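The values are calculated or read from the model by the stated rules, or taken from the named source; none is laboratory data. Please read these numbers as outputs of a predicted model, since none were measured by experiment. Cβ placement follows ideal geometry from the backbone for every residue including glycine, while neighbour counts extend to all protein chains displayed. Side chains are part of the model used for accessible areas, which takes the heavy atoms of the whole protein and leaves out ligands, DNA and RNA. Shrake-Rupley method; radii C 1.70, N 1.55, O 1.52, S 1.80 Å.
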Amino acid sequence: MNRSVTLLFSRQFCKNTLQQKPFYVLWTVFLILLGYAGITGERHMQQQNKIQQQYQQVIRKSWTDNPDKHPHRMAHFGSFALRIKHPLSLFDFGMENFAGNAVFLEAHKQNSVNFSEASFSTGLLRMGELSIAMLLQIILPLIVFFLGFSSIAADRENGTLKIISSQGAGVYSLLLGRSLGLWIMSACFFVPAFAVSALLINNHSDAFPLAETATRFLLISFAYCIFFWIIAVISISVSAQSTTSKKALIKLLGLWLLLAVLLPRMIQTVTNNIYPSPSKLQFETAVEKDIVKQGDSHNPDDPFFKRIKDSVLKKHGAVKADSLPVNLGGIISKAGEQLSSATYVKHQDSLNAIYKKQNRFAALFAFVNPFVMIKTHSMAYAGTDYHAYVHFQQQAETYRYALAQRMNDLQIELVSNRKPKEGSHVLHIDKKHWEEFEDFNYQFLTVKQVLQNELISAAALCCWLLLSFAGLRFIAKQFKLII
């Protein structure tokens, strides 16, 4: 490979492209869409986080304003866990609008995450939202295909390839140079997208760790740079193997339709058929059946919890609960919470295992389809993928369990076993204890954790990069001036 010749072909491609009016039309339209996507994405994220913060204050006030009462009633009064959006969600919406962002937390029951944007929207939302990531993943590859479809095929049609060959230029240098030139032209589109995203994300740097956010954004940007190199190579390769520009354009349009639109949806259908998951009703019914089998901690005659009562009385050498130094109801409620929580976690882990198999199987298609690879990579580092959703779900359950058990501990320590006299409040405790329990504070996955979750997409990214150069060499060896 002659480096100077490769750069010459690259400069020539850029010069020819910049002389064409359609390039500026596409560039202008793309920038308008980019500006709209950036502004609406940033406004939506800011609005949602503002609403979350406002309601978090309302929830906190509602919790602390409770009067003196029995702690078990406070456990059933419950609270909410709200999930704020990561700054990079303005770049890639991912699953955010479909996964839900709030869950009600109460004793003895684990509720699902609800209030997703999709549940309050029309079916048009499922067609896809205009985000910066969507422009880069769907629209820009189509533009790159349009800019590169005639790069080699047109030279074959007008006989320029024969002249280039007679001057001693290597085919690999030609293909690599045109690919580099097309990648540089695509940079005229994706670099402004990165600049707009960085500017908008920087507006929210005070509320989030800047180093973590910057690292995530750099990893996303690096992945997209490689992705568009792959798209450029695909475009040049198809053009090199086509007899005419028209045939090259048709092939690339068909390839875009297959890789960007059809195949991702086919993958979802296939994975659901291979690893079927239960419906929400089936899941909740299975959990309820197991909990009923364990017993009812609110029923004093339940055999399982009666054995706990007898063991506590025996331990303290008491005949009746009235003479116990600790509250018996609190002990039973704590045991019941342990059982119900363990049952839920078991079923949830089983469900997550199915989802994990589905995601792992779908992720393997990243080695076949670069569009799947970049979509998975982008969502993960934007904090809008399945792993981020599960992480929130697990944190919410941990907080719910801690809240319920704290109320049970307060009942054990501070509430008397004796029945109160009329007008007495011995079953109540001071409201100051409500303020001692901290608010739910969601913590995002660290970059290290995201890297561990995305080993498959990272490996696919490297494989596609190596394959792009190997593919160009293979095509160069098989290249014919006339097909």
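Numerical summary
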read-out	value
Lysines whose Cα lies under 22 Å from that of K375, excluding same-chain neighbours fewer than 8 positions away	K85, K356, K357, K448
Whole-angstrom Cα spans of region 41-118 along principal axes, big to small	47, 23, 16
Of all accessible heavy-atom area on the chain, the percent that carbon and sulfur account for (1.4 Å)	61 percent
Stokes-Einstein D for the chain, Kirkwood Rh over Cα pairs, 4 °C, 1.567 mPa s (µm²/s)	49 µm²/s
Lysines with Cα under 23 Å of K69, excluding same-chain neighbours fewer than 8 positions away	K61, K109, K334, K419, K421, K431, K432
Surrounding net charge for Y381, when Lys and Arg each add one and Asp and Glu each subtract one, Cβ distance under 11 Å	-3
Residues whose placed amide H lies under 5 Å from that of K431, excluding near-sequence neighbours	D68
Angle in degrees between helix 328-363 and the longest Cα principal axis of the chain, rounded to the nearest 10	10 degrees
Ranked by how many other beta carbons lie within 10 Å on average, peptides 270-283, 324-337, 6-19 from highest	324-337, 6-19, 270-283
Debye intensity ratio in log₁₀ form over the Cα atoms of region 308-393, taken at each q of 0.27 Å⁻¹	-1.23
Violating pairs (Cα-Cα greater than 22 angstrom) within the set K293/K346; K289/K346; K306/K346	K306/K346
The chain - charge dipole about Cα centre, Lys and Arg +1 at Cβ, Asp and Glu -1, debye rounded to 20	1540 debye
Coordinate range along principal axes, alpha carbons of region 136-225, Å, largest first	61, 23, 15
Helix 3-18 vs. the chain, principal-axis angle (Cα, 0 to 90°, nearest 10)	80 degrees
Helical mean residue ellipticity (222 nm; -39500 (n - 2.57) per DSSP H run of 4+; nearest 500) of the chain	-22500 deg cm²/dmol
Relative contact order [Cα under 8 Å, 6+ residues apart], region 282-393, whole percent	19 percent
Residues of type lysines that K21 reaches as a straight line, Cα spacing below 20 Å, ignoring anything fewer than 8 places off in the same chain	K246
Using distinct alpha-carbon pairs, which all enter the 1/r mean, Kirkwood radius of region 402-471 in Å	17.7 Å
C-alpha long axis of helix 455-478 to longest principal axis of the chain, angle in °	10 degrees
